[in-house]
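Trainee: I am attaching a structure below and will ask some questions about it afterwards.
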């Protein structure tokens, strides 16, 4: 637990002399209005039994609306980067609370740290209230900067992709001026190839035309670069997109240095970064945002940073350069602008843009990053990746103690820790040659069913968040917390409440029309398991999956009623046994299989296979050609746990 | 004078609505919460995103607020308590509310972000769905009153409120008003679970405060319009007229608020389909029925 003697939070806002009296009141108001963005996500908080609302914080959907960044558990390297971007988007004063993990290296030290427990959370809220009342404003707030917010710009010849250098100049082969791009970004040529393949409507001439244009624009850019580039000519903000669009605003982080105090001391996002937006070089120019209208000039080149309207990837995209390229004199004609664009399913030509959803997004489980290529409100293609998934490591000679292995596996799967604890116990016990013990098996099975109920309720809460169905979110979350805390007997007392929940959902208007027919998998899709597979026998849509999960809740309850008290899986005495063991557990999301080699009580190597690892591959098929809302519902209905995606 | 009274009533209603909203979401009744929350917005940084369309970005929240207040200007709290008793009041409110769309598209376009932009355009689609269902029921209301003057419309409901006289029109108008106020389940432009806040997504600090105030004001204005057009405005026993207006307005506003809590967000395609294939024929039917009633019943 850290406690700062001066009670100033690291994300304090610049104090302004004029408002000293008002700031006292404002500070108190801030202390009374804690809103938090939970990383990785509210579902992880719930599965740890944390009731954030009861502790006195409002859960927000966006970093823009959050004053507290609540980090739960250990994060992966990729998540650390995403979190830095999110933190940068939060308006000051902002604080970081860390429960049960290390503060990500990309962030300043947490203002408050504690273990993962409700008591820790309540302490954190108490501390935050006091700290914000006293230290929301500071005379010298700290800067926040992280490497992930920057990208190196390199210069490449438009005609000779192999010519890449760190400084602007001309190509040694053809003498053309080099074009700026972010390091690590695919070359424009590649993109064109891609475009060409994907969207047959592109004509070659058009591309050439575009190239020429880009070239011109970039020349223009270079000038800008030289003019404004007084800070760091090769370091630019790098559009990161994690979670939110304009992710990163160094802006306010260099904030007070550059704040030109326009009227109300607004924090201005320095115009750097937007890569293609032509004016990245004017990063610290005082009126970079004023360039608005002209910014997009150069956007064409920049392969994959399609932030905002800048749809880089599909370079020809139009409303931006429309004005420049076509209707130079006056009104832009949409027909002109869109005539060379690919047509989408509905026959309309629109700008395509690649938009990231996640890894911290209210409609999706935390840690899951869904990248959708949107044309208007329709999804043309999509892809999901997990930023928190486990890696099958079976390096030679790296042995882990059996107990440690179990703990590690359980904590790596926060959404289904009991299932994986059980899986590890079973595999190790089999490897050690232990016989099954029916009493233990029974208690374990009950614990597994309890977790299934809790997990399905967690999914319902998540679905409620996605659908803006506040009642469902609250109700399911409350029940999930109760079930986590309940013993066998209390569990059975919750039976009527669970039946009532199912009945209520059956009667809810709009719900069926929202889910019916969404997320149908092509027949014969292999690799399904768990509720998704069982619902496939029915209609195989999101509505069927909802009812499959509701039915499973009831079935599990009946099983618990018939069987008895749950007993958390604990490893039986395996001595220093050796051997190979394999176990399969039907987790709430489907079958998980673990095989491992045990040597003298140490896990020598293991191999884990989970349902989510297969299900995540279905996303592309589910979202293609769907409307955005439907696509998200389809992905949500799979109940993907990014933690259980093994790579 | 009327201006000040109506404005105070509007603000008071917004405050009450915010208290109720807090109550339904947190379960605690905290009368000071909306004020504190407003103060907290003042304390937070108000970030301007990179390369915004500055004019749109800055104007949108203010425009939305102005639109909501303009709409309220023609709605009477009592026979004489109205800011502008226009001869074309019922038309004027339509005209004012048309700018909600403009404000949202500006808010979507301004910050230069994908979520916001999609949210803004989504509202354009939503307009195509709800717009006729605002205008057509009002037409039937004006037919009965034989006037577009809002005070006359309330007067025409003496004895028999429009909710009884033309229940179909009321249902259609109520739903369309919710869609226009983009409250859940019609919150497609903001859609936290789909667009991470949509048009709200890039606003922080004071600007977000103004935007939220504007959204609540819009709900009150539309609830007040529902009261004036269908619930007999100031008519009611015992209490003074203004009190009845306020009570009815708040009741409508709270029911709009609560409906969203118990429903999932509507699908965009469903909204469009139902409004056009079901809503518009029903609205026409409503006009015909009201027309017949007006002609036949003395």
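None of the figures in this text is laboratory data; all of them are computed from the coordinates on show. Bear in mind that the values here come from a model prediction, so they are computed numbers and not experimental data. All Cβ positions, glycine included, derive from the backbone under ideal geometry; neighbour counts span all protein chains shown.
Trainee: Mind ranking A:71-84, A:578-591, A:354-367 by how tightly packed they are, going by the mean number of other C-beta atoms within 10 angstrom, highest first?
Mentor: Answer by packing, highest mean first, reads A:354-367, A:71-84, A:578-591.
Trainee: Peptides A:608-621, B:176-189: what's the order by average Cβ count within 10 Å, highest mean first?
Mentor: B:176-189, A:608-621
Trainee: How much mean residue ellipticity at 222 nm does chain B get from its helices, if each DSSP H run of length 4 or more adds -39500 (n - 2.57) and you divide by all residues, to the nearest 500 deg cm²/dmol?
Mentor: -23000 deg cm²/dmol
Trainee: Peptide B:49-62: average number of partner chain Cβ atoms within 10 Å per residue?
Mentor: 6
Trainee: What shape does the range A:69-134 take by its C-alpha gyration tensor, where a ≥ b ≥ c are the square roots of the eigenvalues and a/c under 1.5 counts as rounded, a/b above b/c as prolate, and the rest as oblate?
Mentor: Note, shape of the range A:69-134 comes out oblate.
Trainee: Using a 10 Å cut-off on Cβ to Cβ distances, tally the other chain neighbours for every residue of A:510-519 and report the average as a whole number.
Mentor: Mean shielding by partner chains, rounded to a whole number: 3.
Trainee: OK, next. Please report the base-10 log of the normalised intensity I(q)/I(0) for the range B:2-296, using a Debye sum with one equal scatterer per alpha carbon and no solvent, at each q in 0.07, 0.11, 0.15 (1/Å).
Mentor: Values returned for q = 0.07, 0.11, 0.15 Å⁻¹ are -0.25, -0.63, -1.17.
Trainee: Between the range A:31-73 and the range B:202-217, what is the C-alpha centre distance in whole Å?
Mentor: The two parts, judged by their Cα centres, are 21 Å apart.
Trainee: Note the angle between two axes, namely the Cα long axis of helix B:205-230 and the longest principal axis of the Cα atoms of chain B, as a number of degrees from 0 to 90, rounded to the nearest 10.
Mentor: Taking Cα atoms only, the helix is inclined about 10 degrees.
Trainee: Given contacts defined as C-alpha pairs under 8 Å and at least six residues apart, what's the relative contact order of the range B:143-298, whole-number percent?
Mentor: For the range B:143-298, the relative contact order is 32 percent.
Trainee: Here is a further query. Roughly how many whole Å is it from the C-alpha centroid of the range A:480-544 to that of the range B:123-192?
Mentor: Their Cα centres are 37 Å away from one another.
Trainee: Under the classification rounded if a/c is under 1.5, otherwise prolate if a/b is larger than b/c and oblate if not, where does the range B:142-206 fall, given a ≥ b ≥ c as square roots of the Cα gyration tensor eigenvalues?
Mentor: Prolate.
Trainee: Per residue of B:33-40, how many C-beta atoms from partner chains lie within 10 Å of its own C-beta, taken as a mean?
Mentor: Per residue, the number of nearby Cβ atoms from other chains is 5 on average.
Trainee: Then there is this: With everything on Cα atoms, drop me the angle between helix B:241-261 and the longest principal axis of chain B, reported from 0 to 90° to the nearest 10.
Mentor: On a 0 to 90 degree scale, this one is about 50.
Trainee: What shape does the range B:3-158 have by the C-alpha gyration tensor, where a ≥ b ≥ c are the square roots of the eigenvalues, rounded means a/c under 1.5, and otherwise prolate means a/b greater than b/c and oblate the rest?
Mentor: The shape class here is oblate.
Trainee: Something else now. Roughly how tilted is helix B:114-145, in degrees to the nearest 10 and between 0 and 90, from the longest Cα axis of chain B?
Mentor: Roughly 10 degrees, rounded to the nearest 10.
Trainee: Under the definition of Cα pairs under 8 Å and six or more residues apart, what whole-number percent is the relative contact order of the range B:1-85?
Mentor: Normalised by residue count, the contact order of the range B:1-85 is 34 percent.
Trainee: Would you work out the relative contact order for chain B, in percent, from Cα pairs under 8 angstrom that are 6 or more residues apart?
Mentor: Here the relative contact order equals 26 percent.
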